[in-house]
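Shown next, in C-alpha cells, is the structure this report addresses.
The values are calculated or read from the model by the stated rules, or taken from the named source; none is laboratory data. It should be emphasised that the depicted structure is a prediction, and the values quoted were computed from it without experimental measurement. Neighbour counts run over all protein chains shown; Cβ positions are idealised from the backbone, glycine included. Calculation scope for accessible area: heavy atoms of the full protein, side chains included, ligands and nucleic acids excluded. Shrake-Rupley method; radii C 1.70, N 1.55, O 1.52, S 1.80 Å.
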Amino acid sequence: MSTTADMPFRASRYTSGAILLHWSIALFIFGLLASGFAMTRLLGDGTQLQFQVYQLHKSFGITVLVLTVARVLWRVFNPPPAEPDSVNALERTVSGLVHMAFYGLLVLIPLSGWFMITVSPVQLETVLFFRSWLPWPHLPGAESLPDEARRSITYATEWVHLVLAYAMAVLIGLHVAGAIKHQLSDGDFIERMSLAAGGDGPRAAYGQATTWLLTIVFAGAMVGGAAYARYGFPTETPRELAAVSPDQPAVLGSGAAIAPGVTPNFAAERAAPAPATDSAAWTVNAENSALTFTVDYSGTTVNGAFDTWTADILFDPDDLAASSVSVTIDTSSARVDSSDISRGNLTGNDGFATRAHDTARFVASTITAEGDGYIADGTLTIRGTEIAQQLPFTVTIEGDRAEAAGSLTLQRLDYDIGRNSDTTGDTLGLGVTVSFAIEATRAAAPTPTAEADTGPAPAWTVFTEESTVGYEFRFQNGRVSGTLPAFAVDLRFDEENLAGSSIIATLETDAVTLKEGGVSLNDVKGSNGLHAARHPEARFVASTITAGDDGTFVAEGTLSARGVSVPVTLPFSLEEVEGRTVATGRALLDRAAFGFGDGAGLSDGDLGPTVAVDLTIVAERPLAEETASQ
C-alpha cells in the first residue's frame, strides 16, 4: 500500500469542512477583486450600478471575514495533511509563510474595509446582500469624529486597503503557481483540496460543533447588534409609510405627532409675534395628522415620515396679520420605506446629523392669502442652517374642526444633506418634497367679559436676571431641588383685559442646576429625567388667564417637555415692589404624565408623584403711552 511519502504521491485529502471553506473563501475573494476593480475603474461615479456593486463588495468582504473565523477555528481542530517528501525544507518554509500571510490578509482586508466604512463621512449602513434583515454594525468608537477627521482617516485607510488587496493578488499568484508545480511533480497534490479526491480517503474531522457554533455566535452577535442599533426592540407593528398630498387634507393613521407645544430656540422666541385671539388657536389631533417626505432614489420615489413633531398654530382667515405657525420636528424620529436608504443614513453625519442637531424647526409669522389657499413665509432650520422658505397650504374649516395640507420642495444641499455621498443628484435626488396633512380642533376660548379688550394685552419687560424658576420633588425620604436659570418669558398681561393676556415661557433644560437631594445632576438631566440631550428646551404657553376671588390669577395652558404636551394650571399673584411687579406662582406637575422616572436610573417607587415648579418673575409694566400705542 502506498503512503504519503511514497511515489507517486497519494494524497490524504483535507477534511470536507476545510475543502468547503477553502473554495468558498476563494470564490468570494475573486468576487472582491473583481467588484473592487469594477467599482473603482469601470463604473461611473455616483451611478446606481456603482452603488450596488459597492454594496455587494462590502457584503463579500464581511462574508470572507466570517468564513475566515470558521476556517481558523477548523484548522485549530483539524491540522492539514502531511506534505510529500518531495517538498524540500525551503519550500515548506515558503509555503508556511504564504499560508500565514493568507490568513493575515483574510482578516486585515475585511477589517480595513469595515473600519473605512465606519469612519467614512458618508456613514452608509452595511446591509448584507441587499437584505434589510441582515444589517452589519459599524465598529465602535468613531461616533464623535468630525467630518474633516473622517475624510483624512478614510483617505489613509483606502490606501492601506488597496495595498493589502494588491498583496492578496500577489499571494494568490504564488499559491496557484506552487500548487501547479507540486501537482506536476507529485501527481495528486491538488486533489487534496477536492471532495472527489481518491488517495487514502478523507480524514476524520473534529471540533465541528464548536467551530460552527462560535462562527454563528460571532455573525449573529454582529447582525443582532446592528439590528438593535438600527431598529431597537419595537413594541408595536411599524406603520406603513404613505406620501401626503396637498389635495388629501387628512391622512388617518399616518405618522403621529405630539401636539400641541414646541421647543423653540430663544432667538426665534424673542422675535415671535404677539398671540392672536383665542379663536385663532388650534390644537393638532396627533393620531389623524402626518408629516412626510419623498425623494427620488435611483429613479424611484422613496417615501419617508417623521414620527415625532409638535406644532403651535394660530390661524384666523379673517385676521392673517395675527396668525402664525411654529413646527418643531424631532429629526431622530425620521424613517424611510427603503432597503437602500437606512435610518443610519437619515440620522448620520451626512443626513440630519442628529447627534449635533436633533431638531428641525419651521417658524412663520407672515401668512398671506393666495388663490384658494395661503402662503406661510418663514424660516426653516435644519442642521443649524436657517433658510427662508415659502410654504403654500390649503385649509378647510368646519365649525371648530379644521383640515390643512401643504408641501414644499427643499434643496437638500442647501442644508448639507447628502453632500458627502452625492452632490450631483444622479442617485439621490437633489430635491426633497416635505408634505403635511393635519387635523386640528379650535382651542377653547374663555367666556368674554364686558370690559374685556378685543386686542392683545401689552407686553411687559421681564428682568430674567432678577427672576427665578425652581423645581422640587420628593425622593425617598428627602427633597430634591434645583433651578432652571436659562429662560425667556413673553408676558402680556392686563387686569382689565384678561382675554387678551397670555404667558409664553421657554426654559433651557440643559442648563438645569441641582441644589440638594439624593440624586445626581445626570439623573435630573438624563433620559429618565428632563432628557435634555434630546429635548433641550421646555415651553409653557397659556392664553387663558382668569381672576380669582382673592386678588390672585390662574393661567391655564400647556407645558411641553420631553416631547410631551400636558395641560397645566399655574396660580399666581402680583405684588408691587419698588416700582416693579413681582409675580409668584407654583405649578404642580404630574411627573408620570411627562414620563419622568419611567425608565432606568431613578426608581419609580422612590419618587414622589408630583414635581413642584416655583416661579418668581420680576417685570415692569408698560408705560401708559406704550399701552395706548398698542
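Data for the structure
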{"quantity": "Nearest-10 value in Å² for the accessible area of Ile180, using the 1.4 Å probe", "calculated": "90"}
{"quantity": "Cleavage-rule hits (chymotrypsin sites (Phe, Trp or Tyr not before Pro)) in the range 72-166: DSSP loop, at most 10 neighbouring Cβ within 10 angstrom", "calculated": "Trp133"}
{"quantity": "Heavy-atom SASA rank of His182, His99 (probe 1.4 Å, accessible area, largest first)", "calculated": "His99, His182"}
{"quantity": "Percentage, to the nearest whole number, of Cα pairs in the range 64-115 over 18 Å apart", "calculated": "44"}
{"quantity": "Exposure of Asp510 as accessible area (Å², to 10), given a probe of 1.4 Å and all protein chains", "calculated": "80"}
{"quantity": "In sequence order, calculated HN-Hα J values of the range 539-551 (Karplus, 6.51, -1.76, 1.60; Hz; x Gly/Pro)", "calculated": "8, 10, 10, 10, 10, 10, 10, 10, 9, x, 6, 9, x"}
{"quantity": "Rounded accessible area of His22 (nearest 10 Å², 1.4 Å probe)", "calculated": "50"}
{"quantity": "D_trans [Stokes-Einstein, Kirkwood Rh over alpha-carbon pairs] for the range 351-411, 37 °C, 0.692 mPa s, µm² s⁻¹", "calculated": "249"}
{"quantity": "Cleavage-rule hits, GluC sites (Glu not before Pro), the range 52-146, DSSP coil, Cβ neighbours within 10 Å at most 14", "calculated": "Glu143"}
